[in-house]
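What follows is a single structure, written as structure tokens, with notes after it.
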Amino acid sequence: MGLGPILALAGPDCEGIGSGAFAQPANTLSSTAFLLAGLCILARSRRISGRRIELAVFGLAVAGNAVGGLLYHGIRSEVATWVHDEAILAVLVFAVVFALARFRGWPTPATVAAFVATLAGSGALIALVPASSYAMFAALGVGAGAWEMGEYRHELPAIRAQGLSPRRAARLGVAAVAVLAATAFSLGRTGAELCRPESAFQWHAVWHVLAAVAMALYAYAAIEPHAGQDRTG
């Protein structure tokens, strides 16, 4: 066929390595979801009056995952793994730095400087010790998730009293979509019970799409300023 046969041998994230234009067609093409999400975030950053720079930086970080996915799943270049891992870290580092910036009241220049410095440090570390990326994924993911869960818990009384605003609904949506994305990621691991290397349907591709949706919802709910911030958030 056009993309060449998919070999039964599982590659990274289950999908078999084929002989067509892309090594892993489903996982490569689904990575474009990050580009679409990033472009949507960048477009919104042009229409708001506050946190425009923070939103634009996050949009670029999200879009960077499309490049990482293309290299890692499609072209399989020598630097693919570093770019792929650094793109994931960019999103996680931003979430943690932005949460800290809100808590400490940092201005935009300090927030961006902390993000760039932290991301540069993580990039240097995974260049020297590639396996360290997994530990950083876990630490930053847990940290960002714990912070967001604390935010949700803080807002529950107001939600009961005032109902769901669009921002609150989006924030709860981040958690719901993230759970679905994590499930798809687990199902799509190489060697998982539902892993089918030869199939055109890949759970890891579903993970890409759901993760991109979660990132777009996070940008709207947590980064964009909202009128009155629902009086509590």
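Here Leu164 passes the criteria (1) within 21 Å of Ala214 (Cβ to Cβ); (2) out of contact with any Phe, Trp or Tyr (no Cβ under 7 Å at 6 or more places or on another chain); (3) part of a helix (DSSP H, G or I) except the one numbered (3). Considering only residues in segment 67-94 that are small (Gly, Ala, Ser) and within 10 Å of the chain's Cα centre (by Cα), the one that is farthest from Gly141 (Cα to Cα) turns out to be Ala87.
Taking every residue in segment 45-59 that is in contact (Cβ under 8 Å) with a residue 12 or more places away in the chain and pairing it with any residue that is exposed (fewer than 13 other Cβ atoms within 10 Å of the Cβ) and in a helix (DSSP H, G or I), at least 6 positions away or on another chain, the pairs with Cβ-Cβ distances below 9 Å are Ile53/Pro109; Gly59/Ala43.
Yes/no matrix, rows are residues, columns are (1) surrounded by fewer than 20 Cβ atoms within 10 Å (Cβ to Cβ); (2) over 28 Å from Thr28 (Cα atoms); (3) at pLDDT below 90:
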{"position": "Pro130", "(1), (2), (3)": "yes, no, no"}
{"position": "Leu164", "(1), (2), (3)": "yes, yes, yes"}
{"position": "Leu180", "(1), (2), (3)": "yes, no, no"}
{"position": "Gln202", "(1), (2), (3)": "no, no, no"}
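Taken together, the criteria place Phe98 among residues that are at pLDDT 95 or above and of a type in the set (Phe, Trp, Tyr). Scanning segment 182-200 for residues that are of a type in the set (A, V, I, L, M), loosely packed, with under 15 Cβ neighbours inside 10 Å and assigned to a helix (DSSP H, G or I) gives no hits.
Here segment 132-162 is the region considered, the condition is being in contact (Cβ under 8 Å) with a residue 60 or more places away in the chain and closer than 17 Å to Val96 by Cβ, and the residue that is surrounded by the most Cβ atoms within 10 Å (Cβ to Cβ) is Glu148. Reported count of residues in segment 184-206, each being free of Cβ contacts under 8 Å to residues at least 40 places away in the same chain and closer than 20 Å to Leu89 by Cα, is 3.
The values are calculated or read from the model by the stated rules, or taken from the named source; none is laboratory data. Bear in mind the structure is a predicted one, so any value in this text is a computation, not a measurement. Using ideal geometry, Cβ is built from the backbone for each residue, glycine included, and neighbour counts are taken over all protein chains shown.
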